[in-house]
Amino acid sequence: MRNLKPSLLPLLAALTVEQRLEFLKSLDEKSLGAFQHLWRLWARPKQLPPPTNWQVWLLMAGRGFGKTRAGAEWIRGLAEGAGQPELGLVGATFDDVRQVMVEGPSGVLSISPKGGRPQWFVSRRLLVWPNGVRATVFSADRPDQLRGPEFGYVWADEIAKWRYEEAWINLRLCMRKGQRPQILATTTPRPKDWLKKLAEDSATALVTGSSAENAANLAPGFAESLRTQLQSKDLIRQELEGALLSAYAGALWARSQLEEAVRVMPARTQLTRCVVGVDPAIGGGDETGIIVAAKDNTGSYWVLEDASCHASAEKWAARVARMAEKWRVEAIVAEVNQGGDLVRHLLQSAHNPKTALPPVRPARALRGKTDRALPIAAAYARDEVRHAGEFTVLCDQMVMCVPGVISRASPDRLDALVWALSYLMRGAETSSEELRL
């Protein structure tokens, strides 16, 4: 069983729960023991290394997601593989490394099979596998420790808790062994600028996740208990959902401001105008921003729904068409900088032929994203805009919008919001002309 061909793993993973149980019943005790250590079979996809060419795999997720297990299994796989890689383990403190990364219930010693378990020399800060592969342990509380060593692979745990950014900088300089040195950084997010920059670095493979994704392996009531203790919505999103929430100087919106904007949605009869704003993804991996906004009979503006999605052009066009029909909008305001007439064609193809497609009003960006957002931010500051829901992902993009700062992650939802509200704020006379901002 220890020599199970890798090509068989996809076949085993494809079995139903009932088929897996039957297969497990057919194994003898020795094979069953080996079978449980086939990590690629049991792991969730997010717990396995990304297929891209990365220098840092940033696994940033909520508590209980299974980050520690992913880190320990990654190190074990490297140690048991071919070659003699230079391995390192770095935690916030030495106690964190010892109690969580090495000796913890999901640590290296616990997840290793008996015959392949490394020896742990605590005083020497060293793990040694039966095949001679070694992993040295370091504490980020002592950044100078990371000035001399050289590594091929490092598991760095809870980097957002590290007291000194210098420790991370020094660690990156240690990655000098082998053809493609790599770091797996596992962490619950914290609002740190250097962590945000790391998440946006082109050499980083960012994987995010929530505690709920590992609910089957958590104690009943874990999430609810933590919600009760944390109380703050931001802390709940950070600790359970793995959201990287940041407060940036000069941001156009404050999170508290957006929380106060949430109101009870007025009756549909009170909405005098309604549009869908679209920031389309034409190729690539970006989201398509789809925001429904309206103006009511008192002159206030409303964000009614965020239907943004990662999807093919045909699917997001179909979703836009559904939003237009659901809210009976007067227009679809779509950015055409990249797609041009293709956007109009996609929407015309996707709409229900039994209903008339609202006019597609092209919006063309002539200025930068933050410049276009300034008038909208001013309207929020005057308390003219309301939210008919919390729209957490949209709000995350809004509070990270800082003039002069270009984010690697495209704020597609924010762009769609700007197009929709800009159209409404310019008045009915703009309904027959292109919106140029």
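The values are calculated or read from the model by the stated rules, or taken from the named source; none is laboratory data. In this text the structure is predicted, and so the values were computed from the model without any measurement. Note that we place each Cβ from the backbone using ideal geometry, even for glycine, and neighbour counts take in every protein chain shown.
In this structure, is Trp57 over 23 Å from Arg180 (Cα atoms), part of a strand (DSSP E or B) and assigned by TED's automatic domain parsing to the domain that holds Glu213? Step through it out loud before you land on a result.
Values: over 23 Å from Arg180 (Cα atoms): no; part of a strand (DSSP E or B): yes; assigned by TED's automatic domain parsing to the domain that holds Glu213: yes.
So Trp57 does not fit the description; no.
From Leu374, Leu417, which residue is surrounded by fewer than 18 Cβ atoms within 10 Å (Cβ to Cβ), out of contact with any helix residue (DSSP H, G or I) (no Cβ under 6 Å at 6 or more places or on another chain) and not assigned by TED's automatic domain parsing to the domain that holds Ala205? Reasoning before the result, please.
Details: Leu417 fails: surrounded by fewer than 18 Cβ atoms within 10 Å (Cβ to Cβ).
After applying the criteria, what remains is Leu374.
Assessment of the range 376-393 against the conditions (without any contact (Cβ under 8 Å) to a residue 40 or more places away in the chain, of a type in the set (A, V, I, L, M) and in contact with a Lys or Arg (Cβ under 8 Å, 6 or more places away or on another chain)) yields no matching residue. Quick one: is Leu195 over 15 Å from Phe65 (Cβ atoms) and not small (Gly, Ala, Ser)? When the stated conditions are applied, Leu195 passes them.
Consider the range 134-146. How many of its residues are among the aliphatic types (A, V, I, L, M) and surrounded by fewer than 20 Cβ atoms within 10 Å (Cβ to Cβ)? Talk me through it step by step, then tell me what you get.
From the range 134-146, those among the aliphatic types (A, V, I, L, M) are 135, 137, 140, 146; that's our starting set.
Right, trim to surrounded by fewer than 20 Cβ atoms within 10 Å (Cβ to Cβ) and you get none.
Of the residues in that region, 0 qualify.
Hey, among Leu195, Leu258, which residue is buried (at least 16 other Cβ atoms within 10 Å of the Cβ) and either touching a His at 6+ places or on another chain (Cβ under 8 Å) or part of a strand (DSSP E or B) (or both)? Testing whether each residue is buried (at least 16 other Cβ atoms within 10 Å of the Cβ) and either touching a His at 6+ places or on another chain (Cβ under 8 Å) or part of a strand (DSSP E or B) (or both) leaves just Leu258.
Based on this model, can you work out whether Arg190 counts as free of Cβ contacts under 8 Å to residues at least 60 places away in the same chain, under 22 Å from Gly242 (Cα atoms) and assigned to a loop (DSSP other than H, G, I, E, B)? Reasoning before the result, please.
Details: free of Cβ contacts under 8 Å to residues at least 60 places away in the same chain: yes; under 22 Å from Gly242 (Cα atoms): yes; assigned to a loop (DSSP other than H, G, I, E, B): yes.
Answer is yes for this residue.
For Thr269, the conditions (1) surrounded by fewer than 22 Cβ atoms within 10 Å (Cβ to Cβ); (2) under 21 Å from the mean Cα position of the chain (by Cα); (3) of a type in the set (Val, Ile, Thr) all hold with the exception of (2). For the range 68-86, the criterion of a residue being in contact with a Leu (Cβ under 6 Å, 6 or more places away or on another chain), charged (D, E, K, R), touching a residue at least 40 places away in the same chain (Cβ under 8 Å) and surrounded by 22 or more Cβ atoms within 10 Å (Cβ to Cβ) is satisfied by no position.
Of the residues that make up the range 375-394, is at least one closer than 18 Å to Glu335 by Cβ and of a type in the set (Gly, Ala, Ser)? No: the range 375-394 contains no residue that is closer than 18 Å to Glu335 by Cβ and of a type in the set (Gly, Ala, Ser). Among the residues of the range 51-59, is any of a type in the set (A, V, I, L, M, F, W, C), at pLDDT 95 or above and touching a Leu at 6+ places or on another chain (Cβ under 6 Å)? Yes, some residue in the range 51-59 is of a type in the set (A, V, I, L, M, F, W, C), at pLDDT 95 or above and touching a Leu at 6+ places or on another chain (Cβ under 6 Å).
The combined condition, being in the same structural domain as Gln84 (by TED's automatic domain parsing), in a helix (DSSP H, G or I) and either free of Cβ contacts under 8 Å to residues at least 24 places away in the same chain or closer than 19 Å to Lys46 by Cα (or both), is not fulfilled by Ala185. Among the conditions (1) in the same structural domain as Glu335 (by TED's automatic domain parsing); (2) assigned to a strand (DSSP E or B), Leu206 misses just one, which is (1).
Mind checking which residues of the range 171-191 are over 21 Å from Met101 (Cα atoms) and within 16 Å of the chain's Cα centre (by Cα)? Working first, answer last.
Taking the range 171-191 and keeping what is over 21 Å from Met101 (Cα atoms), we get 173, 176-180, 191.
Result: Pro191, single match.
Number of residues in the range 160-191 that are touching a Ser or Thr at 6+ places or on another chain (Cβ under 8 Å) and modelled with pLDDT under 95: the value is 3. Scanning the range 88-108 for residues that are crowded, with 17+ Cβ neighbours inside 10 Å and part of a helix (DSSP H, G or I) yields a count of 8.
Among the residues of the range 142-153, is there at least one that is among the hydroxyl-bearing types (Ser, Thr, Tyr) and modelled with pLDDT of 95 or more?
Yes, the conditions are met somewhere in the range 142-153.
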